[in-house]
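Working notes, beginning with the structure itself.
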Amino acid sequence: MILYFDTYYCNYYGKTYIFAIKCYTMTIRSWIHDKAIHGYSTFSIDDVKKNFAGLSPVRIQTDLNILAKSSIISAVYRGFYVIIPTHYMLRGIVPPLYYVDQLMSYLGKPYYVSLLSAAELLGAAHQRPQTLSITTRLPQPRVSTDRNPLLSWTYRREINEEFLLTKNTETGIVKYATAELTAADLVQYAQNVGGLSRVATVLEELCDVMDMCRFTDNLCNYTTLTTLQRLGYIMENVLSERTKADVIYDRIKSSGKKMIYRALDKGNSTTGAERNDRWKIMINCEIEPDDV
């Protein structure tokens, strides 16, 4: 609770006199409402503690829990809250795109929306993903606390802004992967999105917006050689995108890296698997894209 004082003045023969003082209080709820009307959509528990230093941590957390149950705020990450706008109150859930940029700023980490979520932003959403996929920089937190079921995470050692795009949202912007990086990520993290058949389905749509001029040596170095082998094989032999596959093949050759045989699906046995000599792929699974 914060105490505020309004001072009232009057002028009398050129002199100013104080004639009344009104005292009133601000609760956490009214503080949140004030933030919302001034355009702030998120806040942290540290912000609350700073503004309500006279309240105990237990009292602050109790008040926040009550507001969350009333669908006024939502705890979307440990110690981080989003103020639920009116048009989301009935659902009680705010889409992660509404707050992800602010959340990652709070965490102090670079990020991009990736995998199926990036594909959706690129117009290649065969099926709307149930969670928002976010790729951020290592290290990965050791302890899983207050996990938001609407967010799924992958990690890289570094995040390169060269391969990212931005999109306006209700509360600012969001960063997401280009079609070319998305294609590579989908293959590299196929187990996160439902397997290679689903990957191939999305890749078929992504091909319409991929610009192979942006499939640079830098991008190839950003991912793994095995990923490029699998991606090139799928593009050429599953999707019949030979021209695009040739670009990937040329990039591998120009890099000087030597391909060795890798399993198409790392989760399956390669015993008796047919081999593709160009991409050095052991074909140990059948990829069947859905009809788009």
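The values are calculated or read from the model by the stated rules, or taken from the named source; none is laboratory data. Nothing here was measured: the structure is a model prediction, and the numbers come from that model. When we count neighbours, we look across all protein chains shown, and the Cβ atoms used for this are built from the backbone with ideal geometry, even at glycine. These accessible areas exclude ligands, DNA and RNA; they are computed on the full protein's heavy atoms, side chains included. Shrake-Rupley method; radii C 1.70, N 1.55, O 1.52, S 1.80 Å.
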Q: Starting from the range 218-231, take each residue that is of a type in the set (S, T, N, Q) and list its partners that are assigned to a helix (DSSP H, G or I), counting only C-beta distances under 7 angstrom and pairs at least six apart or across chains.
A: Asn218/Glu162; Thr223/Ala184; Thr223/Gln188; Thr224/Gln188; Thr227/Ala184; Thr227/Val187; Thr227/Gln188
Q: For Val174, work out the one condition from (1) among the β-branched types (Val, Ile, Thr); (2) out of contact with any helix residue (DSSP H, G or I) (no Cβ under 7 Å at 6 or more places or on another chain); (3) not in a loop (DSSP other than H, G, I, E, B) it doesn't fulfil.
A: (2)
Q) If we scan the range 176-190, do we find a residue that is of a type outside the set (S, T, N, Q) and open to solvent by 40 Å² or more (accessible area, probe 1.4 Å)? A) no
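Does any residue of the range 11-29 turn out to be open to solvent by less than 30 Å² (accessible area, probe 1.4 Å), assigned to a helix (DSSP H, G or I), modelled with pLDDT of 90 or more and in contact with a helix residue (DSSP H, G or I) (Cβ under 7 Å, 6 or more places away or on another chain)? Let's see the steps before the verdict.
Looking only at the range 11-29, we keep the residues that are open to solvent by less than 30 Å² (accessible area, probe 1.4 Å), and these are 28.
With assigned to a helix (DSSP H, G or I) added as a condition, the list becomes 28.
Cutting the leftovers down to modelled with pLDDT of 90 or more gives us 28.
Checking the rest, the ones that are also in contact with a helix residue (DSSP H, G or I) (Cβ under 7 Å, 6 or more places away or on another chain) come to 28.
Yes, there is a match, as at least one residue in the range 11-29 is open to solvent by less than 30 Å² (accessible area, probe 1.4 Å), assigned to a helix (DSSP H, G or I), modelled with pLDDT of 90 or more and in contact with a helix residue (DSSP H, G or I) (Cβ under 7 Å, 6 or more places away or on another chain).
Each row is one residue, and each column tells you yes or no for (1) under 15 Å from Val199 (Cβ atoms); (2) assigned to a loop (DSSP other than H, G, I, E, B); (3) at pLDDT 95 or above.
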position	(1), (2), (3)
Gln229	yes, no, yes
Ser240	no, yes, yes
Lys257	no, yes, no
Gly267	yes, yes, no
Gly272	no, yes, no
Q) Does Lys244 meet the test of being farther than 23 Å from Arg214 by Cβ and either buried (at least 17 other Cβ atoms within 10 Å of the Cβ) or among the basic types (Lys, Arg) (or both)? A) no
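Tell me, which residue of the range 191-212 that is assigned to a helix (DSSP H, G or I) and open to solvent by 70 Å² or more (accessible area, probe 1.4 Å) is nearest to Met235 (Cα to Cα)? Give the steps one after another, and end with the answer.
From the range 191-212, those assigned to a helix (DSSP H, G or I) are 191-192, 196-206, 212; that's our starting set.
From what is left, the residues that are open to solvent by 70 Å² or more (accessible area, probe 1.4 Å) are 191-192, 198, 204.
Values: Gln191: 18, Asn192: 20, Arg198: 14, Glu204: 8 Å.
Of everything passing the filter in the range 191-212, Glu204 is nearest to Met235 (Cα to Cα).
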Q: Of all residues in the range 34-50, count the ones that are touching a residue at least 12 places away in the same chain (Cβ under 8 Å) and either open to solvent by less than 70 Å² (accessible area, probe 1.4 Å) or not in a helix (DSSP H, G or I) (or both).
A: 9
**Q.** Residues of the range 235-265 satisfying the condition of being without any contact (Cβ under 8 Å) to a residue 24 or more places away in the chain and within 30 Å of the chain's Cα centre (by Cα)
**A.** Ala245, Ala263
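Can you say whether Ile84 is among the hydrophobic types (A, V, I, L, M, F, W, C), open to solvent by 60 Å² or more (accessible area, probe 1.4 Å) and in contact with a strand residue (DSSP E or B) (Cβ under 9 Å, 6 or more places away or on another chain), as far as the supplied structure shows? Steps first, answer last, please.
Values: among the hydrophobic types (A, V, I, L, M, F, W, C): yes; open to solvent by 60 Å² or more (accessible area, probe 1.4 Å): no; in contact with a strand residue (DSSP E or B) (Cβ under 9 Å, 6 or more places away or on another chain): yes.
Criteria not met by Ile84.
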Q) Cβ-Cβ below 6 Å, separation at least six or inter-chain, first residue in the range 114-137 and in a loop (DSSP other than H, G, I, E, B) and modelled with pLDDT of 95 or more, second open to solvent by less than 40 Å² (accessible area, probe 1.4 Å) and not aliphatic (A, V, I, L, M): which pairs? A) Ser114/Ser133; Ser114/Thr135; Ser114/Asp185
